[in-house]
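What follows is a set of notes on a single structure, which appears directly below.
The values are calculated or read from the model by the stated rules, or taken from the named source; none is laboratory data. From a predicted model like this one, the values you see are computed outputs, not experimental measurements. For neighbour counting, all protein chains shown are included, and Cβ atoms are generated from backbone atoms with ideal geometry for every residue, glycine included. To get the accessible areas, we keep the full protein, side chains included, count just its heavy atoms, and leave off ligands, DNA and RNA. Shrake-Rupley method; radii C 1.70, N 1.55, O 1.52, S 1.80 Å.
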Amino acid sequence: MQHRNHRIVLARPLSGVPLAEDFRMQEAPIPEPGPGELLVRHVYLSLDPYQRSAIAGRHMGGRQPLGAGGMPMAETVGQVLRSRNPAYREGDYVRHFGGWQEYALSSGEHTEVLAKNRAPLSTWLGVLGMPGLTAWASMVELADVQPGQVVLVSAALGPVGSMVGQIAMQRGAVAVGIAGSDEKCAFVRELGFSACINYRSADFLGTLAAALPGGADIYHDNVGGQMLADAFTVLKNYGTVILCGLMERYNDPSRSKPLDLALPIVRRAVMKGLVVMDFEDRRAQFADFVAPRIADGRIRYREDRAIGIDATGAHFARLMRGENLGKSIVVLGDEPSFPSAPLQARYSTEKPRLKALLRGT
Ligand code: NAP
(Lines give C-alpha, C1' and ligand atoms only; values in the text may rest on other atoms or scores of the structure.)
Protein backbone atom coordinates (compact mmCIF):
# COMPACT_ATOMS: atom_id res chain seq x y z
CA MET A 1 0.00 0.00 0.00
CA GLN A 2 1.30 3.47 -0.77
CA HIS A 3 1.76 5.72 2.23
CA ARG A 4 0.83 9.14 0.88
CA ASN A 5 -2.41 10.69 -0.31
CA HIS A 6 -2.48 12.46 -3.68
CA ARG A 7 -5.02 15.13 -4.46
CA ILE A 8 -5.70 17.43 -7.40
CA VAL A 9 -6.02 21.14 -6.76
CA LEU A 10 -6.46 24.20 -8.95
CA ALA A 11 -3.15 25.58 -10.16
CA ARG A 12 -4.90 28.87 -11.00
CA PRO A 13 -8.49 30.12 -11.06
CA LEU A 14 -10.43 28.64 -14.01
CA SER A 15 -11.41 30.76 -16.95
CA GLY A 16 -13.47 29.38 -19.85
CA VAL A 17 -12.97 25.78 -20.95
CA PRO A 18 -10.64 24.07 -18.44
CA LEU A 19 -7.18 22.92 -19.51
CA ALA A 20 -5.13 20.10 -17.99
CA GLU A 21 -2.58 22.74 -16.90
CA ASP A 22 -5.20 24.45 -14.74
CA PHE A 23 -4.71 21.63 -12.21
CA ARG A 24 -1.77 20.23 -10.27
CA MET A 25 -1.17 17.31 -7.95
CA GLN A 26 -0.40 17.68 -4.26
CA GLU A 27 0.93 15.06 -1.88
CA ALA A 28 -0.14 14.84 1.75
CA PRO A 29 -0.10 12.28 4.56
CA ILE A 30 -3.01 9.84 4.63
CA PRO A 31 -5.27 11.17 7.37
CA GLU A 32 -6.12 9.18 10.50
CA PRO A 33 -9.81 8.87 11.37
CA GLY A 34 -10.87 10.53 14.61
CA PRO A 35 -13.76 9.35 16.79
CA GLY A 36 -16.88 8.78 14.61
CA GLU A 37 -14.87 8.97 11.38
CA LEU A 38 -13.85 6.48 8.73
CA LEU A 39 -10.98 6.48 6.25
CA VAL A 40 -11.96 5.64 2.67
CA ARG A 41 -9.57 4.60 -0.09
CA HIS A 42 -11.19 5.64 -3.36
CA VAL A 43 -11.67 3.24 -6.24
CA TYR A 44 -13.63 5.62 -8.50
CA LEU A 45 -13.89 9.38 -8.73
CA SER A 46 -16.87 10.87 -10.55
CA LEU A 47 -16.41 13.82 -12.91
CA ASP A 48 -19.65 15.68 -13.59
CA PRO A 49 -20.49 18.88 -15.49
CA TYR A 50 -21.84 20.59 -12.32
CA GLN A 51 -18.30 20.57 -10.93
CA ARG A 52 -17.38 23.28 -13.47
CA SER A 53 -20.10 25.56 -12.06
CA ALA A 54 -19.18 24.60 -8.50
CA ILE A 55 -15.54 25.56 -9.13
CA ALA A 56 -16.78 28.91 -10.49
CA GLY A 57 -19.00 29.44 -7.44
CA ARG A 58 -22.14 29.34 -9.58
CA HIS A 59 -23.64 25.96 -8.70
CA MET A 60 -27.14 26.10 -7.12
CA GLY A 61 -26.99 29.72 -6.09
CA GLY A 62 -23.25 29.59 -5.64
CA ARG A 63 -20.59 29.96 -3.03
CA GLN A 64 -17.17 31.48 -3.43
CA PRO A 65 -15.25 30.45 -6.57
CA LEU A 66 -12.53 27.92 -5.83
CA GLY A 67 -9.15 29.63 -5.82
CA ALA A 68 -5.66 28.36 -6.58
CA GLY A 69 -4.82 25.50 -4.20
CA GLY A 70 -8.49 24.53 -3.70
CA MET A 71 -9.61 20.94 -4.27
CA PRO A 72 -12.80 20.37 -6.29
CA MET A 73 -15.51 18.32 -4.61
CA ALA A 74 -16.84 15.15 -6.20
CA GLU A 75 -18.65 11.97 -5.36
CA THR A 76 -16.37 8.98 -4.94
CA VAL A 77 -16.79 5.26 -4.39
CA GLY A 78 -14.22 3.51 -2.24
CA GLN A 79 -13.44 0.97 0.42
CA VAL A 80 -13.37 1.63 4.15
CA LEU A 81 -9.80 1.11 5.34
CA ARG A 82 -10.27 2.08 8.99
CA SER A 83 -13.48 2.85 10.82
CA ARG A 84 -14.15 4.53 14.14
CA ASN A 85 -17.84 4.74 13.28
CA PRO A 86 -19.95 1.72 14.28
CA ALA A 87 -22.21 2.08 11.20
CA TYR A 88 -19.30 1.24 8.85
CA ARG A 89 -17.02 -1.79 8.81
CA GLU A 90 -13.55 -2.07 7.37
CA GLY A 91 -13.90 -3.55 3.88
CA ASP A 92 -17.32 -1.97 3.22
CA TYR A 93 -17.67 -0.21 -0.12
CA VAL A 94 -19.19 3.26 0.28
CA ARG A 95 -20.21 6.25 -1.81
CA HIS A 96 -19.50 9.69 -0.35
CA PHE A 97 -18.27 13.17 -1.28
CA GLY A 98 -14.57 12.40 -1.11
CA GLY A 99 -13.30 15.00 -3.60
CA TRP A 100 -10.50 14.81 -6.17
CA GLN A 101 -8.16 12.67 -4.08
CA GLU A 102 -7.14 9.09 -3.39
CA TYR A 103 -8.11 8.93 0.29
CA ALA A 104 -10.63 10.87 2.34
CA LEU A 105 -12.15 10.90 5.79
CA SER A 106 -15.90 10.75 6.24
CA SER A 107 -17.94 11.55 9.32
CA GLY A 108 -20.66 9.22 8.02
CA GLU A 109 -22.73 12.10 6.67
CA HIS A 110 -23.95 11.45 3.07
CA THR A 111 -22.00 8.18 3.17
CA GLU A 112 -23.88 5.15 1.89
CA VAL A 113 -22.76 1.54 2.14
CA LEU A 114 -23.10 -0.07 -1.32
CA ALA A 115 -24.30 -3.57 -2.08
CA LYS A 116 -21.34 -4.55 -4.24
CA ASN A 117 -23.00 -7.59 -5.81
CA ARG A 118 -26.03 -5.70 -7.13
CA ALA A 119 -24.33 -3.97 -10.05
CA PRO A 120 -20.77 -3.05 -11.07
CA LEU A 121 -19.42 -0.73 -8.41
CA SER A 122 -18.68 2.15 -10.79
CA THR A 123 -22.34 2.37 -11.80
CA TRP A 124 -23.18 3.81 -8.35
CA LEU A 125 -21.65 7.03 -9.69
CA GLY A 126 -23.33 6.87 -13.11
CA VAL A 127 -26.43 5.13 -14.35
CA LEU A 128 -27.19 3.85 -10.83
CA GLY A 129 -26.06 7.07 -9.18
CA MET A 130 -26.93 10.76 -9.27
CA PRO A 131 -27.08 11.01 -13.11
CA GLY A 132 -29.36 7.97 -13.33
CA LEU A 133 -31.59 9.36 -10.59
CA THR A 134 -31.79 12.59 -12.59
CA ALA A 135 -33.10 10.68 -15.61
CA TRP A 136 -35.56 8.81 -13.39
CA ALA A 137 -36.82 12.08 -11.91
CA SER A 138 -37.28 13.44 -15.43
CA MET A 139 -39.08 10.51 -17.03
CA VAL A 140 -41.00 9.07 -14.07
CA GLU A 141 -41.64 11.94 -11.69
CA LEU A 142 -41.81 15.07 -13.84
CA ALA A 143 -42.77 13.98 -17.38
CA ASP A 144 -44.59 10.76 -16.35
CA VAL A 145 -43.78 9.26 -19.74
CA GLN A 146 -46.48 7.00 -21.15
CA PRO A 147 -46.34 4.02 -23.54
CA GLY A 148 -46.31 5.14 -27.17
CA GLN A 149 -45.01 8.65 -26.42
CA VAL A 150 -41.93 9.97 -28.20
CA VAL A 151 -39.06 11.31 -26.08
CA LEU A 152 -36.27 13.44 -27.52
CA VAL A 153 -33.09 13.91 -25.46
CA SER A 154 -29.85 15.84 -26.05
CA ALA A 155 -26.37 14.74 -24.89
CA ALA A 156 -27.87 11.30 -25.43
CA LEU A 157 -24.73 9.25 -24.78
CA GLY A 158 -24.03 10.72 -21.33
CA PRO A 159 -25.23 9.00 -18.17
CA VAL A 160 -28.26 11.31 -17.88
CA GLY A 161 -29.24 11.28 -21.56
CA SER A 162 -28.72 7.56 -22.11
CA MET A 163 -30.80 6.80 -19.02
CA VAL A 164 -33.56 9.20 -20.04
CA GLY A 165 -33.95 7.23 -23.27
CA GLN A 166 -33.63 3.81 -21.65
CA ILE A 167 -36.08 4.51 -18.83
CA ALA A 168 -38.52 5.93 -21.40
CA MET A 169 -38.15 2.77 -23.50
CA GLN A 170 -38.60 0.55 -20.43
CA ARG A 171 -41.93 2.35 -19.94
CA GLY A 172 -43.01 1.66 -23.52
CA ALA A 173 -42.04 4.97 -25.11
CA VAL A 174 -39.90 5.63 -28.17
CA ALA A 175 -36.55 7.40 -27.66
CA VAL A 176 -34.74 9.66 -30.11
CA GLY A 177 -31.33 11.05 -29.22
CA ILE A 178 -29.20 14.02 -30.23
CA ALA A 179 -25.42 13.76 -29.83
CA GLY A 180 -22.26 15.47 -31.03
CA SER A 181 -20.68 12.86 -33.29
CA ASP A 182 -21.49 9.86 -35.48
CA GLU A 183 -19.50 7.68 -33.08
CA LYS A 184 -21.67 8.79 -30.16
CA CYS A 185 -24.84 8.30 -32.20
CA ALA A 186 -23.85 4.76 -33.21
CA PHE A 187 -23.71 3.73 -29.55
CA VAL A 188 -26.93 5.58 -28.73
CA ARG A 189 -28.69 3.56 -31.43
CA GLU A 190 -27.15 0.37 -30.01
CA LEU A 191 -28.96 1.17 -26.77
CA GLY A 192 -32.26 0.81 -28.64
CA PHE A 193 -32.99 4.46 -29.45
CA SER A 194 -35.05 4.64 -32.67
CA ALA A 195 -32.78 7.34 -34.07
CA CYS A 196 -29.88 9.54 -33.07
CA ILE A 197 -29.00 12.73 -34.88
CA ASN A 198 -25.53 14.24 -34.93
CA TYR A 199 -26.15 17.97 -34.45
CA ARG A 200 -22.83 18.75 -36.12
CA SER A 201 -23.95 17.13 -39.39
CA ALA A 202 -25.22 19.14 -42.36
CA ASP A 203 -28.97 19.88 -42.25
CA PHE A 204 -29.35 18.95 -38.58
CA LEU A 205 -32.85 20.45 -38.38
CA GLY A 206 -34.01 18.67 -41.53
CA THR A 207 -32.70 15.31 -40.27
CA LEU A 208 -34.27 15.92 -36.86
CA ALA A 209 -37.64 16.67 -38.45
CA ALA A 210 -37.38 13.54 -40.64
CA ALA A 211 -36.62 11.39 -37.55
CA LEU A 212 -39.69 12.77 -35.77
CA PRO A 213 -42.44 12.89 -38.40
CA GLY A 214 -45.18 13.16 -35.76
CA GLY A 215 -43.11 15.33 -33.41
CA ALA A 216 -41.88 14.71 -29.84
CA ASP A 217 -44.17 14.55 -26.80
CA ILE A 218 -41.30 15.25 -24.41
CA TYR A 219 -37.93 16.93 -24.82
CA HIS A 220 -35.36 16.41 -22.04
CA ASP A 221 -32.83 19.23 -22.36
CA ASN A 222 -29.25 18.72 -21.15
CA VAL A 223 -27.72 21.59 -23.08
CA GLY A 224 -29.76 24.83 -23.21
CA GLY A 225 -28.95 27.64 -25.67
CA GLN A 226 -29.48 26.96 -29.38
CA MET A 227 -30.15 23.25 -28.78
CA LEU A 228 -33.16 24.09 -26.62
CA ALA A 229 -34.45 26.52 -29.24
CA ASP A 230 -33.97 23.90 -31.99
CA ALA A 231 -35.96 21.29 -30.04
CA PHE A 232 -39.08 23.46 -30.28
CA THR A 233 -39.07 22.90 -34.05
CA VAL A 234 -40.09 19.25 -33.44
CA LEU A 235 -42.01 19.50 -30.13
CA LYS A 236 -45.71 18.70 -30.43
CA ASN A 237 -48.21 21.31 -29.34
CA TYR A 238 -48.80 20.93 -25.56
CA GLY A 239 -45.53 18.99 -25.35
CA THR A 240 -43.39 18.87 -22.20
CA VAL A 241 -39.85 20.20 -21.86
CA ILE A 242 -37.73 19.06 -18.92
CA LEU A 243 -35.03 21.65 -18.25
CA CYS A 244 -32.16 19.69 -16.76
CA GLY A 245 -28.79 21.03 -17.86
CA LEU A 246 -27.02 23.98 -19.46
CA MET A 247 -23.97 22.32 -20.90
CA GLU A 248 -23.68 25.02 -23.55
CA ARG A 249 -22.92 27.69 -20.94
CA TYR A 250 -21.08 26.07 -18.03
CA ASN A 251 -17.65 27.09 -19.30
CA ASP A 252 -18.70 30.66 -20.06
CA PRO A 253 -22.22 31.89 -19.19
CA SER A 254 -21.60 35.30 -20.77
CA ARG A 255 -21.78 33.74 -24.28
CA SER A 256 -25.20 32.18 -23.79
CA LYS A 257 -28.24 33.59 -25.60
CA PRO A 258 -31.54 33.67 -23.67
CA LEU A 259 -34.43 31.56 -25.00
CA ASP A 260 -36.93 33.35 -27.21
CA LEU A 261 -40.11 32.87 -25.15
CA ALA A 262 -42.23 32.96 -28.28
CA LEU A 263 -41.09 29.35 -28.84
CA PRO A 264 -42.83 27.78 -25.79
CA ILE A 265 -45.84 30.06 -26.26
CA VAL A 266 -46.42 28.98 -29.85
CA ARG A 267 -46.06 25.32 -28.82
CA ARG A 268 -48.26 25.77 -25.70
CA ALA A 269 -45.41 23.93 -23.99
CA VAL A 270 -45.18 22.89 -20.35
CA MET A 271 -41.65 23.52 -19.08
CA LYS A 272 -40.42 21.98 -15.83
CA GLY A 273 -37.09 22.60 -14.12
CA LEU A 274 -35.37 19.61 -12.53
CA VAL A 275 -33.10 19.59 -9.47
CA VAL A 276 -32.03 16.05 -8.66
CA MET A 277 -31.59 16.62 -4.94
CA ASP A 278 -35.39 17.03 -4.66
CA PHE A 279 -35.65 13.32 -5.45
CA GLU A 280 -33.25 11.91 -2.84
CA ASP A 281 -36.09 10.02 -1.15
CA ARG A 282 -36.71 8.08 -4.41
CA ARG A 283 -33.20 6.57 -4.46
CA ALA A 284 -34.28 3.15 -3.17
CA GLN A 285 -37.22 2.90 -5.59
CA PHE A 286 -34.98 4.03 -8.44
CA ALA A 287 -32.22 1.53 -7.54
CA ASP A 288 -34.77 -1.31 -7.31
CA PHE A 289 -35.89 -0.50 -10.85
CA VAL A 290 -32.46 0.04 -12.39
CA ALA A 291 -30.04 -2.38 -10.64
CA PRO A 292 -31.66 -5.64 -11.87
CA ARG A 293 -31.88 -4.19 -15.38
CA ILE A 294 -28.17 -3.35 -15.34
CA ALA A 295 -27.37 -6.84 -14.08
CA ASP A 296 -29.33 -8.59 -16.84
CA GLY A 297 -28.38 -6.15 -19.62
CA ARG A 298 -31.74 -4.47 -20.18
CA ILE A 299 -30.07 -1.21 -19.21
CA ARG A 300 -26.62 -0.62 -20.67
CA TYR A 301 -24.09 2.13 -20.35
CA ARG A 302 -20.74 3.33 -21.45
CA GLU A 303 -17.97 4.78 -19.30
CA ASP A 304 -15.24 7.21 -20.29
CA ARG A 305 -12.38 6.23 -18.02
CA ALA A 306 -9.05 7.72 -17.09
CA ILE A 307 -6.61 5.87 -14.87
CA GLY A 308 -4.80 7.40 -11.92
CA ILE A 309 -5.35 10.56 -9.90
CA ASP A 310 -2.86 12.58 -11.98
CA ALA A 311 -5.10 12.11 -15.06
CA THR A 312 -8.05 13.85 -13.35
CA GLY A 313 -7.49 17.42 -14.62
CA ALA A 314 -7.08 16.39 -18.26
CA HIS A 315 -10.07 14.09 -18.01
CA PHE A 316 -12.23 16.88 -16.58
CA ALA A 317 -11.10 19.15 -19.43
CA ARG A 318 -12.14 16.42 -21.89
CA LEU A 319 -15.60 16.24 -20.26
CA MET A 320 -16.01 20.00 -20.40
CA ARG A 321 -15.06 20.02 -24.12
CA GLY A 322 -17.87 17.49 -24.61
CA GLU A 323 -15.49 14.78 -25.87
CA ASN A 324 -16.44 12.15 -23.28
CA LEU A 325 -17.91 8.91 -24.59
CA GLY A 326 -20.19 8.08 -21.68
CA LYS A 327 -19.96 8.57 -17.91
CA SER A 328 -16.73 10.38 -17.04
CA ILE A 329 -14.88 8.54 -14.34
CA VAL A 330 -11.34 8.25 -12.93
CA VAL A 331 -10.22 4.82 -11.73
CA LEU A 332 -8.03 5.15 -8.64
CA GLY A 333 -7.76 1.65 -7.25
CA ASP A 334 -8.41 -2.07 -7.63
CA GLU A 335 -11.88 -2.80 -8.95
CA PRO A 336 -13.88 -5.60 -7.38
CA SER A 337 -15.11 -7.98 -10.08
CA PHE A 338 -18.73 -8.23 -11.12
CA PRO A 339 -20.13 -11.14 -13.16
CA SER A 340 -21.51 -9.17 -16.13
CA ALA A 341 -19.20 -7.16 -18.38
CA PRO A 342 -20.37 -3.56 -18.83
CA LEU A 343 -19.82 -1.82 -22.14
CA GLN A 344 -17.01 0.61 -21.74
CA ALA A 345 -15.29 3.22 -23.80
CA ARG A 346 -11.73 2.31 -24.56
CA TYR A 347 -10.42 5.81 -24.09
CA SER A 348 -8.19 5.97 -21.09
CA THR A 349 -4.98 7.56 -19.93
CA GLU A 350 -3.81 4.08 -19.18
CA LYS A 351 -0.40 3.53 -17.63
CA PRO A 352 1.48 0.23 -17.60
CA ARG A 353 1.59 -0.03 -13.81
CA LEU A 354 -2.17 0.46 -13.70
CA LYS A 355 -3.17 -1.80 -16.58
CA ALA A 356 -4.25 -4.43 -14.09
CA LEU A 357 -7.01 -2.06 -13.01
CA LEU A 358 -8.80 -2.73 -16.28
CA ARG A 359 -8.98 -6.45 -15.62
CA GLY A 360 -12.24 -7.89 -16.85
CA THR A 361 -13.28 -4.85 -18.89
P1 NAP B 1 -22.57 14.12 -20.22
O2 NAP B 1 -23.71 13.99 -21.16
O3 NAP B 1 -21.72 12.93 -19.97
O4 NAP B 1 -21.57 15.24 -20.72
C5 NAP B 1 -22.01 16.42 -21.20
C6 NAP B 1 -22.27 16.37 -22.73
O7 NAP B 1 -22.85 17.61 -23.12
C8 NAP B 1 -21.04 16.29 -23.63
O9 NAP B 1 -20.52 14.99 -23.75
C10 NAP B 1 -21.60 16.79 -24.95
O11 NAP B 1 -22.23 15.71 -25.64
C12 NAP B 1 -22.75 17.73 -24.51
N13 NAP B 1 -22.57 19.12 -24.95
C14 NAP B 1 -23.49 19.82 -25.64
N15 NAP B 1 -23.07 21.06 -25.84
C16 NAP B 1 -21.86 21.17 -25.28
C17 NAP B 1 -20.93 22.25 -25.16
N18 NAP B 1 -21.15 23.47 -25.68
N19 NAP B 1 -19.76 22.00 -24.52
C20 NAP B 1 -19.51 20.79 -23.99
N21 NAP B 1 -20.38 19.74 -24.06
C22 NAP B 1 -21.55 19.93 -24.70
O23 NAP B 1 -23.09 14.72 -18.84
P24 NAP B 1 -24.17 14.16 -17.82
O25 NAP B 1 -23.49 13.91 -16.53
O26 NAP B 1 -24.96 13.07 -18.43
O27 NAP B 1 -25.10 15.45 -17.61
C28 NAP B 1 -25.92 15.91 -18.67
C29 NAP B 1 -26.52 17.24 -18.28
O30 NAP B 1 -27.39 17.06 -17.17
C31 NAP B 1 -25.49 18.30 -17.86
O32 NAP B 1 -25.90 19.54 -18.35
C33 NAP B 1 -25.60 18.27 -16.34
O34 NAP B 1 -25.20 19.46 -15.74
C35 NAP B 1 -27.09 18.02 -16.18
N36 NAP B 1 -27.50 17.50 -14.88
C37 NAP B 1 -28.46 18.18 -14.21
C38 NAP B 1 -28.92 17.73 -12.99
C39 NAP B 1 -30.02 18.47 -12.29
O40 NAP B 1 -30.30 18.20 -11.12
N41 NAP B 1 -30.67 19.41 -12.96
C42 NAP B 1 -28.36 16.58 -12.43
C43 NAP B 1 -27.38 15.88 -13.15
C44 NAP B 1 -26.94 16.36 -14.39
P45 NAP B 1 -22.60 15.83 -27.19
O46 NAP B 1 -21.29 15.81 -27.93
O47 NAP B 1 -23.42 14.64 -27.45
O48 NAP B 1 -23.35 17.10 -27.36
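Taking the conditions exactly as written (assigned to a loop (DSSP other than H, G, I, E, B), open to solvent by 30 Å² or more (accessible area, probe 1.4 Å) and among the polar types (S, T, N, Q)), does Gln79 satisfy them or not? So Gln79 does not fit the description; no.
So is Asp334 touching a residue at least 24 places away in the same chain (Cβ under 8 Å), of a type outside the set (Lys, Arg) and open to solvent by 30 Å² or more (accessible area, probe 1.4 Å) or not? So Asp334 fits the description; yes.
Within segment 145-167, is even one residue open to solvent by less than 20 Å² (accessible area, probe 1.4 Å), more than 19 Å from the chain's Cα centre (by Cα) and outside the structural domain of Pro72 (by TED's automatic domain parsing)? Within segment 145-167 (the criterion being open to solvent by less than 20 Å² (accessible area, probe 1.4 Å), more than 19 Å from the chain's Cα centre (by Cα) and outside the structural domain of Pro72 (by TED's automatic domain parsing)), the answer is yes, since at least one residue qualifies.
Only one entry in Gly313, Gly239 is of a type in the set (Gly, Ala, Ser), away from the ligand (no atom under 16 Å from the Cβ) and under 19 Å from the mean Cα position of the chain (by Cα), namely Gly313. Just wondering, is there one or more residues in segment 177-188 that are within 24 Å of Glu75 (Cα to Cα) and either surrounded by fewer than 23 Cβ atoms within 10 Å (Cβ to Cβ) or within 13 Å of the ligand (Cβ to nearest atom) (or both)? Taking every residue of segment 177-188 in turn, none turns out to be within 24 Å of Glu75 (Cα to Cα) and either surrounded by fewer than 23 Cβ atoms within 10 Å (Cβ to Cβ) or within 13 Å of the ligand (Cβ to nearest atom) (or both). Among the residues of segment 50-57, none qualifies, meaning not one is crowded, with 19+ Cβ neighbours inside 10 Å and away from the ligand (no atom under 16 Å from the Cβ). With respect to Ala216, is the statement that it is open to solvent by less than 40 Å² (accessible area, probe 1.4 Å), more than 8 Å from the ligand (Cβ to nearest atom), free of Cβ contacts under 8 Å to residues at least 40 places away in the same chain and closer than 23 Å to Asp260 by Cα true? Criteria not met by Ala216. Screening the candidates Leu228, Leu261, Leu191 for the property of being modelled with pLDDT of 95 or more, in contact with a helix residue (DSSP H, G or I) (Cβ under 9 Å, 6 or more places away or on another chain) and more than 21 Å from Arg52 (Cβ to Cβ) yields one hit, Leu191. The requirement of being within 14 Å of the ligand (Cβ to nearest atom) and in contact with a helix residue (DSSP H, G or I) (Cβ under 8 Å, 6 or more places away or on another chain) is satisfied by Phe279.
A search for C-beta distances below 6 Å between a residue of segment 256-283 that is within 13 Å of Tyr219 (Cβ to Cβ) and any residue that is β-branched (Val, Ile, Thr) and loosely packed, with under 10 Cβ neighbours inside 10 Å, counting only pairs 6+ apart in sequence or on different chains, returns nothing. Taking the stated definitions as given, is Ile299 assigned to a loop (DSSP other than H, G, I, E, B), among the hydrophobic types (A, V, I, L, M, F, W, C), more than 15 Å from the chain's Cα centre (by Cα) and within 16 Å of the ligand (Cβ to nearest atom)? Criteria met by Ile299. Quick one: in segment 119-160, of everything that is closer than 30 Å to Gly333 by Cβ, in a helix (DSSP H, G or I) and touching a Cys at 6+ places or on another chain (Cβ under 9 Å), which residue is farthest from the ligand (Cβ to nearest atom)? Only one residue tops the list, namely Ala135. Can you tell me which of Ser83, Ser107 is in contact with a Gly (Cβ under 7 Å, 6 or more places away or on another chain) and among the hydroxyl-bearing types (Ser, Thr, Tyr)? Answer to the check: Ser107. Within segment 95-102, at least one residue is on the phi > 0 side of the Ramachandran plot and either of a type in the set (Phe, Trp, Tyr) or open to solvent by less than 10 Å² (accessible area, probe 1.4 Å) (or both). Residue count for segment 245-276, restricted to those that are open to solvent by less than 40 Å² (accessible area, probe 1.4 Å) and either within 16 Å of the ligand (Cβ to nearest atom) or not assigned by TED's automatic domain parsing to the domain that holds Pro213 (or both): 6.
The set of residues in segment 186-212 that are among the hydrophobic types (A, V, I, L, M, F, W, C), touching a residue at least 24 places away in the same chain (Cβ under 8 Å) and under 18 Å from Pro159 (Cα atoms) comprises Phe187, Val188, Leu191, Phe193, Cys196. Considering Gly172, Gly108, the condition of being modelled with pLDDT of 95 or more, open to solvent by 10 Å² or more (accessible area, probe 1.4 Å), assigned to a loop (DSSP other than H, G, I, E, B) and not assigned by TED's automatic domain parsing to the domain that holds Ala54 is satisfied by Gly172 alone.
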